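The structure appears below as structure tokens.
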Amino acid sequence: MPGQQSDMPSRAISQIDSDLPPMRVFATPRPINFAISNGDLARDFIDLSFMLESGRPLPVLSRFEGPVTVRVTGSPPPTLNSDLNRLIFRLRGEAGIDISQTSDTTANITIEAVSRAQIRSQLPQAACFVVPNITQLSEFRTARRSPRTDWARLTTRERMAIFVPNDASPQEVRDCLHEELAQALGPLNDLYRLPQSVFNDDNVHAVLTGYDMMILRATYAPELRSGMSRAEVTARLPAIFARINPRGVATPPSNLSSTPGAWDEAMQTALGPGANPNTRRAAAARALDIARTLGWRDHRLGFAHYAMGRLNLPVQPTQAIGHFQSADAIFAQRPEYALHRAMVAAQLGAYLVAEGRGEDAVDMLGVHLPVVIQHENAALVSTLSMLRAEALELAGRGVEAQAVRLDSLGWARYGFGADWAIRAKLREIGALNPLNRRNGRI
């Protein structure tokens, strides 16, 4: 969930021997490329590349010039290197970036795997982050407020350090690799108005999307170079996007309005750390009021309803379900919102299971599982599958329920990591099933 903004691009904190099934991993990446107007792409590119997350403007475009090398240091978890190899393969093929892994100490980008506690001692709200012109976390404390780590002073990128946790779930480590390596290479900003991007503070997308790869491909287009001004880049973007996204020439722009700071601040308070429950709910209500006042009908209105549902579920469950249903109706309008809708389906599926409506839950949850698998979110795949197993039990389909539950555990090994976290999720979802409560299983 979102945290307080700073000038250091980061990914917000998300909340092994085992007798569980083997870990499930994703097969060949299958990113989706939705039709998008080149006018929208050009506007997004400028807003992403000439502004920091904190709102501070950047005077020039900066990127690496020439081949980019990446090395891993610290104590990486077992899954890091395979996930990094998959990511580098995608960056080379989809974004056209000349990037490769090395063990050389002169690498352009150093990925240091350290503990979550070490990361939070430097940036308390971050799960991971990227910094220019250093190579290890021990340098960051003294360099943090010096000119050498000031993104606004960069003209050409030459050296970057990415700090990722080595004691988090495999999925959290992979998500950090995707977002922070993308920011080390390209855009430094996040925009709530982007529905199909990791460059969005809502953290809905876990891995780089087809849209993100197009933005990175434009960043390394031969027509651009480090040090170009906003005006110089703006003048070259139409030709660049006409070449790399030809169908976007005739696609009409969506012309989504910019997200006002007041909405951003309200959502940060509602979903970020630090505020008490009443303050969070008030902030979410404020974000929803702003969205309605501005006449939004896009994913941001849906996300505001989703936030209201999450925060009101413990105190006003009936109203919360109404907000989830409103979010679902909004997300059902466009295929770009399919992953957002699957996220809401976990909440609505839990409600159906708790109400004993097994067949309804089985049908609904099954629709969303292929979408979540394609977007490579193992934690959500596991959650939907666990809910579906309980729904199958309610429907009297016990053999199917066992198979689905077993499959969910393999995804949970990747999505949640530690056995205790997986078992806690199983207990949480099992407690929703009225059969378990009636028979004293929970």
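The values are calculated or read from the model by the stated rules, or taken from the named source; none is laboratory data. Bear in mind that the values here come from a model prediction, so they are computed numbers and not experimental data. All Cβ positions, glycine included, derive from the backbone under ideal geometry; neighbour counts span all protein chains shown. Accessible surface areas use protein heavy atoms only, side chains included; no ligands, DNA or RNA. Shrake-Rupley method; radii C 1.70, N 1.55, O 1.52, S 1.80 Å.
A Cβ distance below 8 Å, combined with a sequence gap of six or more or placement on separate chains, defines the contacts here; from the range 165-191, residues that are under 18 Å from T110 (Cβ atoms) and of a type in the set (F, W, Y) reach no residue that is buried (at least 24 other Cβ atoms within 10 Å of the Cβ) and at pLDDT 95 or above. Say whether the condition of being touching a Gly at 6+ places or on another chain (Cβ under 8 Å), closer than 22 Å to Q136 by Cβ and charged (D, E, K, R) is met by at least one residue in the range 204-224. The answer is no, given that none of the residues of the range 204-224 is touching a Gly at 6+ places or on another chain (Cβ under 8 Å), closer than 22 Å to Q136 by Cβ and charged (D, E, K, R). Screening the range 99-123 for residues that are of a type in the set (G, A, S) and under 21 Å from the mean Cα position of the chain (by Cα) and picking the one that is nearest to T79 (Cα to Cα) gives A113.
With respect to the stated conditions, G322 fails to be open to solvent by less than 10 Å² (accessible area, probe 1.4 Å) and assigned to a helix (DSSP H, G or I). Within the range 44-103, if we keep just the residues that are open to solvent by 60 Å² or more (accessible area, probe 1.4 Å) and part of a loop (DSSP other than H, G, I, E, B), the residue that is farthest from D201 (Cα to Cα) turns out to be S103.
Would a scan of the range 412-432 turn up a residue that is open to solvent by 20 Å² or more (accessible area, probe 1.4 Å), within 19 Å of T79 (Cβ to Cβ) and more than 23 Å from the chain's Cα centre (by Cα)? Taking every residue of the range 412-432 in turn, at least one turns out to be open to solvent by 20 Å² or more (accessible area, probe 1.4 Å), within 19 Å of T79 (Cβ to Cβ) and more than 23 Å from the chain's Cα centre (by Cα).
Comparison of A354, A346, A329 shows that the only residue that is among the small types (G, A, S) and open to solvent by less than 20 Å² (accessible area, probe 1.4 Å) is A346.
For the range 169-187, the condition holds for no residue, the condition being that it is hydrophobic (A, V, I, L, M, F, W, C), surrounded by fewer than 24 Cβ atoms within 10 Å (Cβ to Cβ) and in a loop (DSSP other than H, G, I, E, B). Whether any residue in the range 91-98 is more than 25 Å from M214 (Cβ to Cβ) and under 20 Å from the mean Cα position of the chain (by Cα) is what I want to check. No. Taking the range 267-286 as the range and being open to solvent by less than 70 Å² (accessible area, probe 1.4 Å) and outside any loop (DSSP other than H, G, I, E, B) as the test, the residues that pass are M267, Q268, T269, A270, L271, T279, R280, R281, A282, A283, A284, A285.
Residues of the range 376-383 include none that is at pLDDT below 95 and open to solvent by less than 20 Å² (accessible area, probe 1.4 Å).
When G398, G356, G415 are checked against the criterion of being out of contact with any Lys or Arg (no Cβ under 8 Å at 6 or more places or on another chain) and within 20 Å of L339 (Cβ to Cβ), G415 stands alone in meeting it. Counting only residues that are part of a helix (DSSP H, G or I), open to solvent by 30 Å² or more (accessible area, probe 1.4 Å) and of a type in the set (S, T, N, Q), the range 207-266 holds 1 of them.
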